[in-house]
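What follows is calculated from the coordinates using simple rules that are stated; it is not laboratory data. None of the values given here were measured: they were computed from a predicted structure.
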Amino acid sequence: MIIRTSTVLSVASLIVAFAAAPGVAAGEWATKEDAIAMVKQALAVIKQRGTEKAYAEISNKAGKNAFHDRDLYITVFDFDGRVLAHGQRVDLIGKNLIKAKDPDGKLYIKERVELAREQPAFWQNYKWVNPATKEIEPQEAYCERLNNTAVCGGVYSF
């Protein structure tokens, strides 16, 4: 009886450990719900702190609000296609990417800006390099318009 109880406790401990471990099973990749929540958090920070402070925070991977989680990060573009904040690549801040194409040749930033002008919130599909896998994968970005900007967070769909 002691051995059986010990085995049950060991199995239960392993289940709890694996369920709580980062990067295991369902917790390995961000979800659409995660993207929506992060975009809304970014919008709140921009409204509360102003663009200068908020964009710096969004672009800081180790920042207080952590706008970079697993394969999900925030980007902010103005309506000309210029990067105002980027949670993955600070080297893109200030660059105009209106002519940027995904691996299939889609002008995805131009499309994003056009969608942001037309709709207050939307999902956009394109392909991009997943920062977690380093592979080109289908991505879905959730974006919300704020003044003349698009605040977006994307998830990879497998």
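For A121, what residues show an amide H to amide H distance below 5 Å, using hydrogens built from the backbone and excluding near sequence neighbours?
Those lying under 5 Å, H to H, from A121 are R145.
For a quick check: with amide H placed at 1.01 Å from N, whose amide H comes under 5 Å from K101's, ignoring anything fewer than 5 positions away on the same chain?
Here the answer is none, since no amide H 5 or more places off falls under 5 Å of that of K101.
Please turn the phi angles of the stretch 127-134 into ³J(HN,Hα) values with the Karplus equation 6.51 cos²θ - 1.76 cosθ + 1.60 (θ = phi - 60°), one per residue in order, whole Hz, x for glycine and proline.
Ordered by residue, 3J(HN,Hα) equals 10, 7, 7, 6, x, 7, 9, 6 Hz.
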